[in-house]
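What follows draws every value from the coordinates through simple rules; no lab data is involved. These numbers come from a predicted model, not from an experiment. Please note: Cβ atoms are built from the backbone with ideal geometry, for glycine as well, and neighbour counts cover all protein chains shown.
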């Protein structure tokens, strides 16, 4: 992927070097018991209370930032800038204005408007504060654990999360969240899958227009993106973790589905081709 010397975004919020730990707030006998147990076993009480209490704020301690992470930060900033340029133009064509999200880099754990989260949850988008959250260690995991190396594989992950921001701006996320509260668990999972697959398609739309305008793609890049989509499909992850696949519990879509919708977006860059909610077959 051609990204070096390209524009960097000013919307990166770098919290690396700061490790968030929820502050114990409130009180009560339950909190006291947890604290006593933690102290007895030599455990940080924050880890046992990692859900955080309402109104709690994270405490922080410094961690070291490596030179490799600095290069990754630059890469993320360039990709974010490219998504800004692409979606700004696409929203303008739709007669609207694109609101640029913030991208937060963190180490280990982070506090967002959607709650406290550890790096194990992977990159995520929070509609409450319109921010994308990424621990750069995920890119190492993408390469080593999921066997999906390459800079465009990483760009696909970022573009997918930006796809959720686009859904939020278009009002799609709000409608889905409202529907999820009124349907069965199986139907709610189906809605989640359709939302995630649409974000995959939006990632493909970004790649199409970014390459058309700025020729960012090199040989093998699309294959890297497809490999990443395959690696993090629900069926692949469930088989690795449990040894079996349970389609009714999918929340992001199978490997084949994720590949199919990413390819649909990158094939022509047409947002109308990303209507997963009215698709008879995913």
Item to complete: Provide a single number: the residues in region 236-252 that are surrounded by fewer than 16 Cβ atoms within 10 Å (Cβ to Cβ) and touching a residue at least 60 places away in the same chain (Cβ under 8 Å).
Response: 3
Worksheet item: Hey, among 163, 122, which residue is under 22 Å from residue 206 (Cα atoms), crowded, with 21+ Cβ neighbours inside 10 Å and in contact with a strand residue (DSSP E or B) (Cβ under 9 Å, 6 or more places away or on another chain)?
Response: 163
Practice prompt. Kindly list the number of the only condition in (1) touching a residue at least 60 places away in the same chain (Cβ under 8 Å); (2) closer than 26 Å to residue 90 by Cβ; (3) surrounded by fewer than 16 Cβ atoms within 10 Å (Cβ to Cβ) that fails for residue 272.
Written response: (1)
